[in-house]
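The values are calculated or read from the model by the stated rules, or taken from the named source; none is laboratory data. Keep in mind that this is a model prediction, so the values were computed, not measured. Positions of Cβ are generated from backbone atoms using ideal geometry, with glycine treated the same way; all protein chains shown enter the neighbour counts. For the accessible areas, the whole protein counts, side chains as well, though only heavy atoms, and no ligand, DNA or RNA atoms are used. Shrake-Rupley method; radii C 1.70, N 1.55, O 1.52, S 1.80 Å.
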Amino acid sequence: MTMKTVVSIIPLLAVSVSLLAGLGIFLLRKYPNWREGCSILAALVKFGLVMSLFPLIRDGYIIECPIVTFPAGILPNLGFALRVDTLGFLFAVVASFLWILTTLYSIGYMRSLEEHAQTRYYVCFALALTGALGVAFSANLLTLFLFYELITVSTYLLVVHEETKEAFSAGTKYLTYLMGTGKLFFLPAIVFTYGLAGTLQFKPGGVFLGVDPVWAGLLLVLFVAGVAKTGIMPFHNWLPSAMVAPTPVSALLHAVAVVKAGVFTIVRIVVSIYGVGFLSNIGIGIYMAIAASITVVGASVIALRQDNLKMRLAYSTISQLSYVILGVMLLTPDGVKGSILQIVAHAFGKITLFFCAGAIYVGIHKKYISEMAGIGKVMPWTMGAFTIGALSMIGVPPLAGFSVKWRLLLGAMEAHQILIVAVLLGSTLLNAAYFLPVLKKAYFEEYAGDSHHQHEAPLIMRVALVSTAIITVLVGLFSDSIVSLLGEIS
Amino acid sequence: MFPILSAVTFIPLIGALIILFVSAKNENAIRIITLLTAIVDFVVSIGLYTDFDSGTAKMQFVERLPWISRFGAEYYLGIDGISLLMVLLTTFLSVVTYLSTWTAVEKNVKEFNIAMLVLQTAMIGVFCALDFVLFYLFWEMMLIPMYLLIGVWGGKRKIYAALKFFVYTMAGSVLMLFAILVLYFEYHSKTGVYTFDILKYHNMGLNPMLQFWMFLCFFIAFAIKVPVWPFHTWLPDAHVEAPTAGSVILAGILLKMGTYGFLRFSLPIFPDAAVSASWWISWIAIIGIIYGALVAMVQSDIKKLVAYSSVSHLGFVVLGTFAFTMHGIAGGLLQMINHGISTGGLFLIVGMLYERRHTREISEYGGITSVMPKFAMVFVIVTLSSIGLPLTNGFIGEFMILLGVFDANRIYAAIAAIGIILGAVYMLWMFRRVMFGEVTNEKNKTLKDLSLREFIYMAPLLVAIFVLGVYPNPILDKMEVSVKNLVVIIEKSKAEARHEVAVAPQPLVAKIEVVGKRD
């Protein structure tokens, strides 16, 4: 099958619109309403630009947008370039759409709590989104690494936003883990890949044909260790610490953009650098899947013991992210598709849950699950959305989480990996074990707070979290259409 | 034809001569003349860039006049893709440097500016000279102004630092002079011609023993200049005592003299010796990378930290150069430019802090971001460039060096990768201690943010950081053919070495038989 390609500048515009927005936000720093208007406008334009690519993607086109090509005599086949295929498109749609909702939510959150340094906050947010979309649209590993690091730096400032001692030590951890692994493992892996394969270009079926399998296997380990944004154990510790950031940051970045950029990178490397076929010949995939399984189970067990709601969600995120790695490392069609679908499904489900956690904090100033008795009656909208998100995480049909787990189970069986099947089933039980008690507390116990602290979060926040909850349902219902966009995985 | 290379070389000297006739009291006039001279020089040097033909490795803009014909010395200038870039770096950084010294230097302004301009002529001359006598003349000519810059306008231990700088560099120079003379007579004995033409010495077929010793002489001279571990100890002292302008020039350009020397002399004149020495040079480069980084980490003085970071960064350049691959050498050259920009920028930033607080102790600072937000923006960009973050200039160079080293030796590449992470550690840690947190020191609460002049001279560096970060082509294009030429020379030498090894055993056996018969 020959690839239909078309050259367009839209991917570059879509990536850079938030970069420009960052400048605009900075210039409008004295006028908060205009500043936030700039954020919302940029988010809408960005989403519009991404969606304008949909007809081409649906018709099976690949959209290319070369930016810089290095001199062929020194660095052949290398440069900075964008390229949109279905995989990247899906991630971009999710990230850019959720930026709109998160911006709305942020306005409610930051203003209700009268946070300081809001301009810096919105600028960094915009930069992080530039990074996320850049990762989605990268045409090669070099470009991807550039945007990957842009995310790290811009989100660092969001993690230390509170500028407390705790925030700074979380920030140090954040940089140490993300930049440390990035420079120590990811960058060398990229360099060595280029040295071995002579290109870093993403190609269906991969570019590793003819490369020594031992080196290819070694590099895969480097890649998995180097992309610490996936939160895979033992490189996960930055994520719970990063929860000191304001909740919208945890919601969009630490449940969607940053971590999804991580797992997306791994999927991208497996699908477009190694090629599923090449990788299954090496036989290393299953070990990676097992490593991911350890994280799936381990993080769930830790989540059980967290009383801080955001921390419980953080560990749940670590666990859910490894589903993506697990799925793609199964190297079977359903495994890979389930893994990609998880990028979408988990994004909407988890952002709903984080939005709710923030709404609870803004509404009744509660952070700990043990204090949340009876809040289902106080905050019906918020807890309704929370319930949908939680049930999706557990994998209750017909929600998004179910359609993912279904495909992953199929994938595991295709690969004849009973162990993985057991892990998937066991982790579902664990998911239920750490989410259901929250629901029980909220709905079946009496409200213990004082009576004048009994109100919902601001309307603008509720709009955001109800929307994402609805989409979580829709993703579950229309998961087949999403997956069919992907076509054949080779 | 307009002698453009002579013009670029001697315009600063002319500026210095003009300043001689200006009254020392007229400080601003002197500063303006200096700045204008540098700007004119930079503009003329842009002409070099635009007219340069990147399709050939031959020397361009060649100017050749008989000079001391009795010895065969000539006035012989010319540049290839390698020296072109170094000349441009020099003229560019000089403009930035003169702008930065406006208020930093208050005593002996006239003498200071004259010294700076003479130094500039000497530096450009070193990069352009193609005759050994001329080259050596310029090489020694750099020494005196730099010695004065440290010794007169330096800090508390300036005399010690200046002397140390002088002794180290002089020691290297003497070795080099000796080697040059040996080459000179060797060439005469082979061809009957006395010449100092550097290009004639390429491929002159020296015997391995002589090649090794001559290579070593040159290597030590350049290694001191770079400085390669263990010849580095003069550098932190020189940097700490030198005024900001001196540090910028020292780190930005003078250190590159060493690595430039490897490319212009060591590799093409002694290819066989370079190939056989590459393993131990790579190892001391690696030691330098790690050692420089570790020592930088424990410094309490910002300037010393940056100085040690240079030891580490230039270790990368040396490692890349002696990998002898296209990527390694080109990456090393690119990183020489990048280091000039980033580390030059860092010294300027340290200078700004020093001008405000008259201390460079990290512990004296903290929380500066909240007092000087614009300064913080500039500082963070330069810091990220120094650690080679993607989107900044340092990244591509680092990428290429790592790639070049990987092509040559995978173990070196793996160890070098560790050095890269260490570089991020000490820089970011220093940045955090200086810039973040609460303002604990009363004296820091009233610091003035970046002035317009300060912003103006940082701006070109910031632009260069981002432009070269995504679009290094203007530099790579110019160097490509010249670097390839070097790689071909080395490859040829390697191929010959392999050939010799292949035929070696036979005569060896014959020799043993002869020895046996004697007994």
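Please pick out the residue among A:Ala433, A:Ala373, A:Ala400, A:Ala390 that is under 20 Å from A:Leu313 (Cβ atoms) and surrounded by fewer than 18 Cβ atoms within 10 Å (Cβ to Cβ).
It is A:Ala433.
Please go through segment B:380-390 and pick out each residue that is out of contact with any Ser or Thr (no Cβ under 8 Å at 6 or more places or on another chain) and either without any contact (Cβ under 8 Å) to a residue 24 or more places away in the chain or more than 14 Å from A:Leu187 (Cα to Cα) (or both).
B:Val380, B:Thr383, B:Leu389
Restricting attention to segment A:124-144, does a residue exist that is open to solvent by 30 Å² or more (accessible area, probe 1.4 Å), touching a residue at least 40 places away in the same chain (Cβ under 8 Å), hydroxyl-bearing (Ser, Thr, Tyr) and within 11 Å of chain B (Cβ to nearest Cβ)?
no
Answer yes or no: is there a residue in segment A:439-457 that is at pLDDT below 85, aromatic (Phe, Trp, Tyr) and open to solvent by 20 Å² or more (accessible area, probe 1.4 Å).
yes
Take the residues in segment B:201-234 that are over 16 Å from the mean Cα position of the chain (by Cα) and under 18 Å from B:Ile290 (Cα atoms); name whichever of them is surrounded by the most Cβ atoms within 10 Å (Cβ to Cβ).
Top of the filtered list is B:Thr233.
If the requirement is being at pLDDT 90 or above, farther than 20 Å from B:Met479 by Cα and surrounded by 14 or more Cβ atoms within 10 Å (Cβ to Cβ), which of these qualifies: B:Leu5, B:Leu35, B:Leu48?
Only one candidate qualifies: B:Leu35.
Conditions (1) hydrophobic (A, V, I, L, M, F, W, C); (2) under 27 Å from A:Phe168 (Cα atoms); (3) buried (at least 21 other Cβ atoms within 10 Å of the Cβ), marked per residue:
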{"residue": "B:Ile281", "(1), (2), (3)": "yes, no, no"}
{"residue": "B:Tyr291", "(1), (2), (3)": "no, no, no"}
{"residue": "B:Leu314", "(1), (2), (3)": "yes, no, yes"}
{"residue": "B:Glu364", "(1), (2), (3)": "no, yes, no"}
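Considering only segment A:53-80, state which residues are open to solvent by 20 Å² or more (accessible area, probe 1.4 Å) and away from every other protein chain (no Cβ under 11 Å).
Scanning segment A:53-80 gives A:Phe54, A:Pro55, A:Leu56, A:Arg58, A:Asp59, A:Gly60, A:Tyr61, A:Glu64, A:Pro66, A:Asn77.
Enumerate the pairs (first residue in segment A:347-370 and part of a helix (DSSP H, G or I); second residue anywhere and of a type in the set (Asp, Glu)) with beta-carbon separation below 6 Å, excluding pairs fewer than 6 apart on the same chain, so at least 6 apart or on different chains.
Listed by first residue and then by second, the contacts come to A:Gly363/A:Glu456; A:Ile369/A:Asp307; A:Ser370/A:Asp307.
Mind counting the residues in segment B:431-474 that are surrounded by 16 or more Cβ atoms within 10 Å (Cβ to Cβ), away from chain A (no Cβ under 13 Å) and assigned to a helix (DSSP H, G or I)?
10
Report, ordered by the first and then the second residue, all pairs with beta carbons closer than 9 Å, sequence separation of six or more or different chains, a first member in segment B:140-158 that is outside any helix (DSSP H, G or I), and a second member that is open to solvent by less than 10 Å² (accessible area, probe 1.4 Å) and not hydroxyl-bearing (Ser, Thr, Tyr).
B:Gly154/B:Ala161; B:Gly154/B:Ala162; B:Gly154/B:Ala238; B:Gly154/B:Ala242; B:Gly154/B:Gly246; B:Gly155/B:Ala161; B:Gly155/B:Ala242
Could you list all residues from segment B:126-155 that are buried (at least 24 other Cβ atoms within 10 Å of the Cβ) and of a type in the set (Gly, Ala, Ser)?
Matches in segment B:126-155: B:Ala129 only.
Take the conditions touching a residue at least 60 places away in the same chain (Cβ under 8 Å) and open to solvent by 10 Å² or more (accessible area, probe 1.4 Å) and apply them to B:Pro271. Does it pass?
Yes; evaluated as a whole, the condition is true for this residue.
I need the full set of residues from segment B:341-379 which are without any contact (Cβ under 8 Å) to a residue 12 or more places away in the chain and within 22 Å of B:Lys443 (Cβ to Cβ), in order please.
Passing the criteria: B:His358, B:Thr359.
With B:Ser83, B:Ser54 as the choices, which residue is closer than 30 Å to B:Tyr187 by Cβ, of a type in the set (Ser, Thr, Tyr) and in contact (Cβ under 8 Å) with a residue 40 or more places away in the chain?
B:Ser83
Pull up segment B:400-411, narrow it to residues that are assigned to a helix (DSSP H, G or I) and surrounded by fewer than 24 Cβ atoms within 10 Å (Cβ to Cβ), then point me to the one that is nearest to the other protein chains (Cβ to nearest Cβ).
B:Asp407
Considering A:Val258, A:Val207, A:Val211, which residue is closer than 30 Å to A:Phe348 by Cβ and among the aliphatic types (A, V, I, L, M)?
Only one candidate passes the filter, namely A:Val258.
How about segment B:194-250: which helices (runs of 4 or more DSSP H) wholly inside it have at least 1 residues that are hydroxyl-bearing (Ser, Thr, Tyr)?
Result: B:198-201, B:244-249.
Starting from residues that are within 30 Å of B:Asp449 (Cβ to Cβ) and under 23 Å from the mean Cα position of the chain (by Cα), keep the ones in segment B:412-430 and report whichever is farthest from the other protein chains (Cβ to nearest Cβ).
Per the stated criteria, the residue is B:Tyr426.
Can you list the helices (runs of 4 or more DSSP H) found entirely within segment A:154-247 that contain at least 1 residues being within 12 Å of another protein chain (Cβ to nearest Cβ) and among the polar types (S, T, N, Q)?
Those helices (runs of 4 or more DSSP H) span A:165-181, A:187-197.
If I ask for residues that are more than 21 Å from the chain's Cα centre (by Cα) and within 11 Å of chain A (Cβ to nearest Cβ), which ones from segment B:377-398 would you list?
Across segment B:377-398, the qualifying residues are B:Met377, B:Val380, B:Ile381, B:Leu389, B:Pro390, B:Leu391.
Quick check on segment B:313-336: of everything there that is away from chain A (no Cβ under 14 Å) and part of a helix (DSSP H, G or I), which residue is nearest to B:Ser493 (Cα to Cα)?
Result: B:Thr321.
Sort out which residues of segment B:366-375 are within 24 Å of B:Lys304 (Cβ to Cβ) and open to solvent by 10 Å² or more (accessible area, probe 1.4 Å), and write them in order of number.
Across segment B:366-375, the qualifying residues are B:Thr369, B:Val371.
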